[in-house]
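Here is the structure we will look at, set down as structure tokens.
The values are calculated or read from the model by the stated rules, or taken from the named source; none is laboratory data. These numbers come from a predicted model, not from an experiment. Cβ atoms come from the backbone with ideal geometry, glycine included; neighbour counts cover every protein chain shown.
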């Protein structure tokens, strides 16, 4: 499985997905102590490409944070039909059977509006740029 982190805005602010993300090496949360009672986490955006079955639980755990009160998920699965024809599978770099997740997008934020908008933006942008 391949993994990259891209830089973006903090999860406790409005989510803005980068158009041309800069790749960086570290993909862990970096806690920053503000005072004795308050810890703020810097953002982490992870892109994983895998030939293995996608796990909603695994992706959810990547974005859950004590400073974020909302997690939004989009799970894209393959429909069994397209333009009136039967679909058996999609072929990317790997075979994805019908009804199995082919993409999972997960975003967390302090409140629900930002991650819902970010998930929608991410899938719309992906579908506009990649032949899915």
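Look at residue 41 and say whether it is at pLDDT below 90 and in contact with a helix residue (DSSP H, G or I) (Cβ under 6 Å, 6 or more places away or on another chain).
Values: at pLDDT below 90: yes; in contact with a helix residue (DSSP H, G or I) (Cβ under 6 Å, 6 or more places away or on another chain): no.
When the stated conditions are applied, residue 41 does not pass them.
Tell me, which strands (runs of 3 or more DSSP E) lie completely within the range 54-132 with 2 or more residues that are modelled with pLDDT of 90 or more and surrounded by 13 or more Cβ atoms within 10 Å (Cβ to Cβ)?
On the way: elements: 70-77, 89-91, 95-97, 101-109.
Filter on the range 54-132 gives 70-77, 101-109.
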